[in-house]
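S.K.: One structure follows; several queries about it will come next.
The values are calculated or read from the model by the stated rules, or taken from the named source; none is laboratory data. From a predicted model like this one, the values you see are computed outputs, not experimental measurements. No Cβ is skipped: glycine too gets one built from the backbone with ideal geometry, and neighbour counts run over all protein chains shown.
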């Protein structure tokens, strides 16, 4: 992971933390980290940040029972 991707992932975490003030910042950060880990072996990195944001957003807005079932 390059420096540009690290910055993008931090920006995603900040953006989703602001978008979900009802959730602890640690919960948002964990969702982003788990989503990012899912793409650790992606050979093409260009789209990883947007895919991470979409997946993390989906996890954060899913009903609680769906999140536990993952």
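S.K.: Could you tell me whether the range 47-69 includes any residue that is modelled with pLDDT of 95 or more and not in a helix (DSSP H, G or I)?
M.R.: Looking through the range 47-69, at least one residue is modelled with pLDDT of 95 or more and not in a helix (DSSP H, G or I).
S.K.: A follow-up question, please. Considering 14, 38, which residue is free of Cβ contacts under 8 Å to residues at least 12 places away in the same chain and within 14 Å of the chain's Cα centre (by Cα)?
M.R.: 14
S.K.: Starting from the range 51-66, keep only residues that are farther than 12 Å from residue 23 by Cβ, then list their pairs with residues that are modelled with pLDDT of 95 or more and not in a helix (DSSP H, G or I) whose Cβ atoms are within a distance under 7 Å, requiring at least 6 positions of separation or different chains.
M.R.: 51/39; 52/39
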